[in-house]
1. Determine if the range B:56-78 includes at least one residue that is away from DNA strand D (no atom under 12 Å from the Cβ), more than 27 Å from residue B:121 (Cβ to Cβ) and surrounded by fewer than 20 Cβ atoms within 10 Å (Cβ to Cβ).
2. Does residue B:130 count as surrounded by 23 or more Cβ atoms within 10 Å (Cβ to Cβ) and farther than 17 Å from residue B:196 by Cα?
3. I'm trying to understand the selection: among the residues of the range A:9-50, which are within 14 Å of another protein chain (Cβ to nearest Cβ) and under 23 Å from residue A:63 (Cβ atoms)?
4. Would you mind stating whether residue A:25 is more than 10 Å from DNA strand D (Cβ to nearest atom), touching a helix residue (DSSP H, G or I) at 6+ places or on another chain (Cβ under 8 Å) and farther than 30 Å from residue B:279 by Cα?
5. Listed residues A:178, A:209, A:254; which is at pLDDT 95 or above, farther than 30 Å from residue A:317 by Cβ and under 28 Å from the mean Cα position of the chain (by Cα)?
6. Consider residue B:14 against the criteria (1) more than 10 Å from DNA strand C (Cβ to nearest atom); (2) surrounded by 19 or more Cβ atoms within 10 Å (Cβ to Cβ); (3) within 23 Å of residue A:110 (Cα to Cα): it satisfies all of them except one. Which criterion is unmet?
7. For the range A:181-194, which positions are within 26 Å of the chain's Cα centre (by Cα) and surrounded by fewer than 21 Cβ atoms within 10 Å (Cβ to Cβ)?
8. Just the residues that are without any contact (Cβ under 8 Å) to a residue 40 or more places away in the chain, in a loop (DSSP other than H, G, I, E, B) and either out of contact with any helix residue (DSSP H, G or I) (no Cβ under 6 Å at 6 or more places or on another chain) or over 18 Å from residue A:121 (Cβ atoms) (or both), please, taken from the range A:144-161.
DNA sequence: GGCAGTTGATGAAACGTTTCATCGCAGGCA
DNA sequence: TGCCTGCGATGAAACGTTTCATCAACTGCC
């Protein structure tokens, strides 16, 4: 028997059936007022009999609040974002909030649309890993007045709270690790050069290279895998060919690994490798990858705290919480004998 | 200047400022009625001046519909689920729906809570990859009368539409591939033995083994990686040790790969391997994995169509759409010389 | 010029809650 | 007995929309 869509019972139906006033039924439901013994019984019976379940939309409208926190991420393909989301989910479940997620696919227009939908549905707070450029979304959030915290990508907009890692320092350290292993020609593979995160990392990269007297290029993966492979091939045939590569996230790392395989280059014999964003498969490939790990749980906790804090005191002065990333050594970095250099 | 949370402009504010009737403002917004030239101008100006944006909650309440489709998945750690979600996201974006996702973590209680939250917020439809057992969630959905489609896991409940792959056939074929390569002792590693999907696969496994006169065991990964490794170790030291392993999903495959590495067993020299659920990293590991691929995009399209159809005709008789999975050969399966056997 | 028909604006009602001022009533005290 | 207190129950108002019946004014036609 297919389920026909019939009218749901309302609180008025409950009240009528229990022969009490509308407000009394509401009081019983919310444990307000001093709920009398006999009436309460009748109301509860009516609720059970009718299978009444409150309408969340009407509640939100009347209460002007929803106990829902929204989260917008570019994608869940990144292991880091997926892990972040699960971390938030855990926290929300324990704090009695519902977490609702939307995907922006890294597209500012889609992001704006999705975020506006959430705002207009009265989420109590918003967690955002913004696409680039984020201005339109930022403006919409600010105009709505909904508390928001920006995660992972530190923009300049002073209206929001941020929780990020210190990308500059993390990349500086990663570069140093490679330089210390004797590498003098590096390659940094990124997806979106304009991204704040990326820019910070490039800055750290350059700084570390400079102070070590080493050299390095930055390569952006545009769209197709083929073009990227060609690009990498060109770099690897250059006179001063890179002996070590840093991948800016796990997706890029995948592309790189495929390209290297196509080019018959073996890690770490022919080239060393290091990856930002610890993919789950880092330790099952050959060789296990050296990675830069994000403190996911700590980031989620900090972001949630900032958000709750702002929900209570909307005028609190915006904060920036910065975590340090951590290198986890695999076996994808080869030591190189340093030729007598001027250093 | 921190954003103070001030009252949002309502449509009444707009009407007043434009000095028109409430309904007129609404008509302009919705393109209803015959919107006059001069008044329309005034209303639009007022909207811009006030930065008015309609309240989605009030709209949902009045319209009794929301243009939001909810989706509940166990996790996004599985590449397959993540891909499904992105496929749905694409479709929704093109069809003018918002997609809101929640995570159940495979926990029926959490799933029920999350799904109830969505139902009560008046989603127009629901896509569910259910946890086990799913009864409570199914009951809640049925009671709400919200159209729903169940994806990936075929339960018996006749109240819903289902879109799945033919797990039995897929597993039968996978087993055959290994048998045909000369393997006579197999191992099937699963996560949740009770899952419908798993049960179907086990059935297909047994059937194929029987008809080929081969043998096979089923091993469930309970919790810890260590225990699992010990379990695998025991199997691999048995007299009739498995020469080929099938992993029921990418997470299990990861655990397996780690265990095999610990045990110093090399694929495909010491043992062959095949994986359900095509992980993104399947082709970058050594050797590239032979996998069973889900037709993700087709599944998402079919599920969406069923959902839309049911939204229009709630009493349509529930359907089951079943897709075939596809084997994609890697290099993780070694051919084995078949000893003279009774076959 | 009168009338039917059309166009376009109007504002009340409804969606399903919560909240709050009000009110009846019982009990206690003078 | 009469009055005050306070407890519990009550139902109207409000949240921000959309919808719809009504109405005023205008057009075209004879």
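1. First, the residues of the range B:56-78 that are away from DNA strand D (no atom under 12 Å from the Cβ): B:68-78.
Among the residues that remain, those that are also more than 27 Å from residue B:121 (Cβ to Cβ) are: none.
No: zero hits.
2. In short, no.
3. At the first step, the residues of the range A:9-50 found to be within 14 Å of another protein chain (Cβ to nearest Cβ) are A:9-11, A:29, A:47-50.
Residues satisfying the conditions are A:9, A:10, A:11, A:29, A:47, A:50.
4. Numbers: more than 10 Å from DNA strand D (Cβ to nearest atom): no; touching a helix residue (DSSP H, G or I) at 6+ places or on another chain (Cβ under 8 Å): yes; farther than 30 Å from residue B:279 by Cα: yes.
The answer is no for residue A:25.
5. Within the list A:178, A:209, A:254, the selection yields A:178.
6. The failed condition is (3).
7. Step one: filter the range A:181-194 for residues within 26 Å of the chain's Cα centre (by Cα), giving A:187-194.
Selection gives A:191, A:192, A:193, A:194.
8. Within the range A:144-161, the first condition is being without any contact (Cβ under 8 Å) to a residue 40 or more places away in the chain, and the residues that meet it are A:144, A:146, A:150, A:156-157.
Retained after the next criterion (residues that are in a loop (DSSP other than H, G, I, E, B)): A:146, A:156-157.
Those that are without any contact (Cβ under 8 Å) to a residue 40 or more places away in the chain, in a loop (DSSP other than H, G, I, E, B) and either out of contact with any helix residue (DSSP H, G or I) (no Cβ under 6 Å at 6 or more places or on another chain) or over 18 Å from residue A:121 (Cβ atoms) (or both): A:156, A:157.
The values are calculated or read from the model by the stated rules, or taken from the named source; none is laboratory data. Computed from a predicted model, the values in this text were never measured in an experiment. With ideal geometry, Cβ positions are generated from the backbone for all residues, glycine too; neighbour counts draw on all protein chains shown.
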